[in-house]
1. Find the eigenvalues of the gyration tensor of the Cα atoms of the range 15-86, then list the square roots of 5 times those eigenvalues as equivalent ellipsoid semi-axes, largest first, in whole angstrom.
2. Among H116, F129, Q176, which residue has its Cα furthest toward the positive end of the charge dipole of the range 99-191, with +1 on Lys/Arg Cβ and -1 on Asp/Glu Cβ?
3. Subtract the Cα-Cα distance of A128 and E37 from 0.36 nm times their separation in residues, and report this length gain in nm to one decimal.
4. Can you sort K61, K124 by how many other beta carbons sit within 10 Å, fewest first?
5. Using the 10 angstrom Cβ neighbour count as an exposure proxy, how do V114, V34 rank, fewest first?
6. Just to check I understand the Karplus step: with θ = phi - 60° and J = 6.51 cos²θ - 1.76 cosθ + 1.60, what whole-Hz values come out for the range 120-130, glycine and proline as x?
7. Quick one: pull the percentage of alpha-carbon pairs in the range 105-188 with a separation above 14 Å.
8. Return the sequence-ordered ³J(HN,Hα) values of the range 26-33 in whole Hz as given by the Karplus equation 6.51 cos²θ - 1.76 cosθ + 1.60 applied to θ = phi - 60°, using x for Gly and Pro.
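All of the numbers you see were taken from the coordinates with simple rules; none came from a lab. Every value quoted in this text rests on a predicted model; they were computed, and no experiment measured them. A quick note on method: Cβ atoms are made from the backbone with ideal geometry, for glycine too, and the neighbour counts reach across all protein chains shown.
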Amino acid sequence: MDFFQTDEILEIPASELQALFEDLIQVYDTLNVVLKENGILRGRELAEMNVKNSKAVKAEKSPIGKLSLLNAYIKKEIWHIRNGLKTRPASAPTEEGKIRQAITKIQLRASAIVEHVKIIAQGKKEVAFTSCQARDFLSGREGKPPSRRDTIRALKRAENICPALACGHIPNDGRQTTRLTATVDDLKQSDIIKIERDRDTRQRSRMDEFRIIFFKEPGSCV
């Protein structure tokens, strides 16, 4: 189906293209983790692919060209995952139908950020914690600063595990700096949503989730 006329000219704000670009980067990074954690691509092969793709995106001058390249690389990652799925059976549940789930580095960073925000919020009505502050905080904990991308991922994960926190951009900030905000009263009443090693209800592994999201199972109805 054609959404636009062939010669139609659209005016799209740069901020919207930037947001789409960042969303595609997150999709690319998520697929990258799947490839690495499940042994489909790893080590030098994965690193060389990422370096090559990153250089190509940076070298592309057109914003639409950058989006097109990222989209192509995401499709390539999905292709690798699909091939990986063909060569292995679906993950079997452990005892009592529970599947073990690892706590990732991003999860640990997010939990530390939530606890730190609660500390600096004491005596205030509202609290804000920017990506710059988060990077400095994590640098002090880990000995070196994480990348801007990983810092933002940790902030977004913090929002997911602490309902009182809202992750967004600083208003009227040309750099679109990411920050967490919350009212202190809400923060006091909010607990971290913990990721347990064993869930009470059965969960699919990440590979099984991608099998269902991207590919039809035999006999499934879509």
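1. 23, 13, 10
2. Working it through, the farthest residue towards the positive pole turns out to be Q176.
3. 29.4 nm
4. Details: K61 7, K124 12.
Final ranking by Cβ density, sparse to dense: K61, K124.
5. V34, V114
6. 3J(HN,Hα) across the range 120-130, in whole Hz: 6, 7, 4, x, 10, 8, 9, 9, 9, 9, 7.
7. Cα-Cα pairs in the range 105-188 separated by more than 14 Å: 58 percent.
8. 5, 4, 4, 5, 4, 5, 4, 5
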